Amino acid sequence: MTDPTERNYIEAARRETRAAIEAMGVTPFAYRFDRTHTAAEAVAAYDDAMGEDGPMVSLAGRLSSMRTQGKTSFAHLEDVSGRVQLYLKQDFLSGEYDLVKLLDLDDFVGATGILFRTRTGEITLRVMAISLLAKSLRPLPRGKVQQTEDGGTVVYGGLQDPEVRYRQRYADLAVHPEVRRVFEVRAQTIRWIRRFLDDRGFLEVETPVLQPLYGGASARPFKTHHNALDMPLYLRIADELYLKRLIVGGFERVYEIGHDFRNEGMDRSHNPEFTMLECYQAYADYTDMMELLETMLSGLVRELTGGPGVSFGETTIDFTPPWPRIAFVEGVREHSGIDLLSATDEQMRARLVAHGVSRDAAAELGGARLMDELFKEFLEPTLIQPTFVVDYPKPLSPLAKVHRTDPRLTERFELFINGRELANAFSELNDPDDQRARFEDQGRQKIAGNDEAQPLDEDYLRALEYGMPPTGGMGMGIDRLLMILTGQPSIRDVILFPAMRPEA
């Protein structure tokens, strides 16, 4: 980062420059500019057969470099597509060259002129007119670029502190094209998923973000208050219960891509505000949702990369279907020696403590939470390639149908990639009496200390009493998917403005 003393000196100098520009009768912040080409389009429009008389173009962007020698200046103009060199000479610009001498790095300018190729081989714009579009009063933390002996480059200084990059995302995006690329891939991914579901007859819908009762997942909510109604409201932790109400109402395939909010800890794979895809299909079960997810993600990866896989660090993740399926109980038994269907709470706690979990932490867990912790400690870290973990114990899945061959289990799967959960799906529970009993069990868990247990939702039970057809449902974390697709180590790297503590 720039030294604060130096930065303050530079900022003061730039404000003096702004005053000098205004004294010339030039506004430092323009209203608009007629751009005819991006930098990349301008470079593509030039052909060497044109010689010194290439096409006339108007470009707009930031000045990313500038050097002046007497009555001649060379600069680079950078926009979203790339950059192009500017050749600015007093003979061509006349009085406007006085403005050129007052320009600084990072100023936004508009330049009109003729394209040609210099003796060094660079396609360049011979500028005939230049406009200041926005004065940069604070220099971007670009750092210094130095060539290495092998032809590469090394950047010294600049914007490298992750905390500052997340907090000042605007500066991060401005100086790091590779960061902009991550969010371009994000937009491309969401567009592709929408098209995939739309083409299969799914209807995109919107459900409430502010809810009188939260549900659809095991998580603590954010709570607020509605003044006009004088009632508490919760930011949704999932879209599930409202989307299934729509299945009751007659829509047979629905989905939503939206933000959910969970009042939980923050780490490399958790942000309190995150983006989820949830989709529900009538007359389907969890095996249909596995096939849907395999087809969706393998097709998405091929669309983005042209091949079947992506690289995540030193690991290549292969999305070629079909993906392995591991039963939850058998997988935990194989890696821990514990049979979740017969083990007591004391046996499960003892196994966790022997594995390195503190006695105090293990003592706070019971029942379903012990099962979940054993899974996280023993099986989850082994799931690197896309893998479906299927058939979860009933206490872990209050919204899933009982397994048709084993009443101790439910028809549920989760997709794991690179040791993290990416998606969760059920054969949706549509028996209102069974659902009421599950909600009541969640209530008992809450009394016993599980602050993530789900509340009983009478309106949702009423909806089920009208009748919901057999339904397969699936939720997938968009942010975690983007981490894998772009090779980013933290969820903050794929969220434009992640949650941060306030600055001092």
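No lab work stands behind these numbers, since they all come straight from the coordinates. Computed from a predicted model, the values in this text were never measured in an experiment. We place every Cβ from the backbone using ideal geometry, glycine too, and count neighbours over all the protein chains shown.
Things to note:
- Alpha-carbon Rg with Dmax, taken over the range 404-482, Å: 14.9, 41
- Between the range 294-328 and the range 206-259, the Cα center-to-center distance that results, in Å: 31 Å
- Our coupling estimate for the range 284-298, obtained by passing each phi through the Karplus curve with A = 6.51, B = -1.76, C = 1.60 and θ = phi - 60°, is 10, 10, 5, 5, 5, 5, 4, 5, 4, 5, 4, 5, 4, 6, 5 Hz, Gly and Pro reported as x.
- Along the chain, the longest continuous region that contains none of the trypsin sites (Lys or Arg not before Pro) in a DSSP loop with at most 10 other C-beta atoms within 10 Å is 120-403.
- If you look at the Cα atoms of the range 127-266, you get an Rg and a Dmax of 23.2, 69 Å.
- Cα-Cα separations in the range 262-328 greater than 13 Å, expressed as whole percent: 75 percent
- Expressed in units of 2.2 N^0.38 Å, where N is the residue count, the Cα radius of gyration of the chain is 1.24.
- Proportion of all alpha-carbon pairs of the range 369-431 beyond 19 Å (%): 30 percent
- The range 38-116 - Debye-derived log10 I(q)/I(0), Cα point model, q = 0.20, 0.21, 0.27 Å⁻¹: -0.89, -0.98, -1.38
- Calculated diffusion of the range 4-139, Stokes-Einstein form, Kirkwood radius summed over Cα pairs, 4 °C and 1.567 mPa s, µm²/s: 85 µm²/s
- Greater than 26 Å apart at Cα, pairs in LYS223/LYS401; LYS223/LYS376; LYS401/LYS446; LYS376/LYS401: LYS223/LYS401; LYS223/LYS376
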